[in-house]
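Have a look at the structure that comes next, please.
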Amino acid sequence: MMTGQTLEQKLIAKAETAHQLTKMEIVHLLQAVGAEDDLAKAADRVRQIFVGDGVHLRGLIEFSNICRQDCMYCGLRRDNHKIERYRLTADEIVRLAQKAKGYGYQTVVLQSGEDLYFTAERLAEIIRRIKSMDLAVTLSVGERSFDEYKLWREAGADRYLLRIETTDQALYESLDPGMSYENRVRCLMDLRALGYEVGTGTLVGLPGQSVTSIAEDILFYQQLDADMVGIGPLIPNPDTPLGKADKGDFHLTRRMVSLLRLLLPEANIPATTAMETMVPRGRELILASGANVVMPNVTEGDSRRKYALYPGKICVADTPAQCRSCMGGRIKAMGRYVASDKGFRHHRQVQQERS
Ligand code: SAH
Ligand code: SF4
């Protein structure tokens, strides 16, 4: 170690070379107000070495805002009677995927509330139709059984996003009434066993969430060997019980993104929409702090507005074509490029060990 380094700089250097920190060390850096630029620089170097300069764009199709769950933070929760509900037809979803392909996206993310109209077989048929267009398919439709996940995997689904939201079990169960932490973890394990690329993540700034529990989230992602980790700050939605909660801390979220890159160097890490809802150009800042994925919205027209997880969602009036060219330009302006492959996770450490 060089002399004259602060404890924070020493911990960042350790994370950059060893990709391991103890829980207490992670807590220290999560709390290190003002260290975000140093963390970001280290994370950006690790990002460059492990996943390169390519930014992967995933076209997000928000195909239904109908949800059987009642998460306290989310505008799609079933008890929110203020939201206008919608559900796209199978043909509409496939048409949006076709358009996404036309814009040059290699992956579509099918996201919705937990809408049981989409039975396993109905969604499997949609997956088959989209897979025939040579697109990677990511699903993000919540908790289902092993057999349902299996059917979708066999239909060709490549990846699955299911945030754990928080690894604090008591907090999880108080904010997601009727849902069990154990079942959330079971879903992630099933997805892993079925060979999906597994994406998960944290909702940062839940009332009562401790920094220690956020450090435990990061250790959980390491243990799970998550292929993708997407995090975002809580944006209080006035039509939910958490409407008057404080919003999540942008800087803490940014420190967490950088720590994720340092500690899970190969993971795909998105610069999420919620970050940009909070800070203009937030996604560029996060791309420069360790992230390598952006999920531009492909949903069209009114559905875009109605998929209101939280208020102030950016670009609701834009068309998918505008989103594509806007993000492409912004990525080039950063000296990065839009990756032209499907963006599966690189197993660099394993490859190095084998060679
Ligand atoms: N129903 C699926 C997918 C849609 S919700 C699921 O729950 O997995 C996608 C994500 O939106 C959730 O994981 C949650 O972390 C995020 N979200 C919901 N409400 C939010 C809010 N008010 N602020 C920020 N993110 C929110
Ligand atoms: Fe439904 Fe997902 Fe929102 Fe929970 S977070 S209410 S499961 S859409």
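Taken together, the values in this text are just the output of simple stated rules run on the coordinates, not laboratory data. Predicted, not measured: the structure shown is a model, and the values here were computed from it. Cβ atoms come from the backbone with ideal geometry, glycine included; neighbour counts cover every protein chain shown.
Going through the stretch 84-122, which GluC sites (Glu not before Pro) have at most 10 other Cβ atoms within 10 Å and a DSSP loop state?
Within the stretch 84-122, the qualifying GluC sites (Glu not before Pro) (loop, at most 10 other Cβ atoms within 10 Å) are Glu84.
With a cut-off of 8 Å between alpha carbons and a minimum separation of six or more residues, what is the relative contact order of the chain in percent?
Once normalised by length, the contact order is 24 percent.
Now for a different question. Could you work out the equivalent-ellipsoid semi-axes for the stretch 80-157, taking the square root of 5 times each eigenvalue of the Cα gyration tensor, largest first, in whole Å?
Ellipsoid semi-axes (Å, largest first): 20, 17, 10.
Please work out how much length the chain gains when fully extended from Ser340 to Asp246, using 0.36 nm per residue of separation minus the C-alpha to C-alpha distance, in nm with one decimal.
Net length gain for the segment: 29.9 nm.
With 39 Å as the cut-off, how large is the P(r) tail for the stretch 19-354, expressed as percent of Cα-Cα pairs?
Percent of Cα pairs beyond 39 Å in the stretch 19-354: 6.
While we're looking at this one, here's another question. Taking the convex hull of the Cα atoms, report for the stretch 203-335 its projected area averaged over all directions, in nm².
8.5 nm²
Ranked from highest to lowest mean number of other Cβ atoms within 10 Å per residue, what is the order of the peptides 334-345, 264-275, 237-248?
Taking the mean over residues of other Cβ atoms within 10 Å, the ranking is 264-275, 237-248, 334-345.
Using only the Cα atoms, what convex hull volume per residue in Å³ does the stretch 260-355 have?
125 Å³
With Cβ to Cβ distances under 12 Å as the rule, what net charge do the other residues near Ala90 carry (K, R +1; D, E -1)?
Charge balance in the 12 Å sphere: +1.
Two decimals, Cα atoms only, Kirkwood Rh: what is Rg/Rh over the stretch 1-128?
Rounded to two decimals, Rg/Rh equals 1.17.
At a 4.7 angstrom Cβ threshold, list every cysteine in the chain that has nobody to pair with, or say none.
Cys67, Cys187, Cys315, Cys323, Cys326
If the elastic network links every pair of Cα atoms under 10 Å, which of Gln209, Gln31, Gln223 fluctuates the most in the Gaussian network model of the chain?
The residue that fluctuates most here is Gln223.
Here is a follow-up. Starting from the Kirkwood Rh over alpha-carbon pairs, what translational D in µm² s⁻¹ does the stretch 92-219 have by Stokes-Einstein at 20 °C and 1.002 mPa s?
Here the translational diffusion coefficient equals 137 µm²/s.
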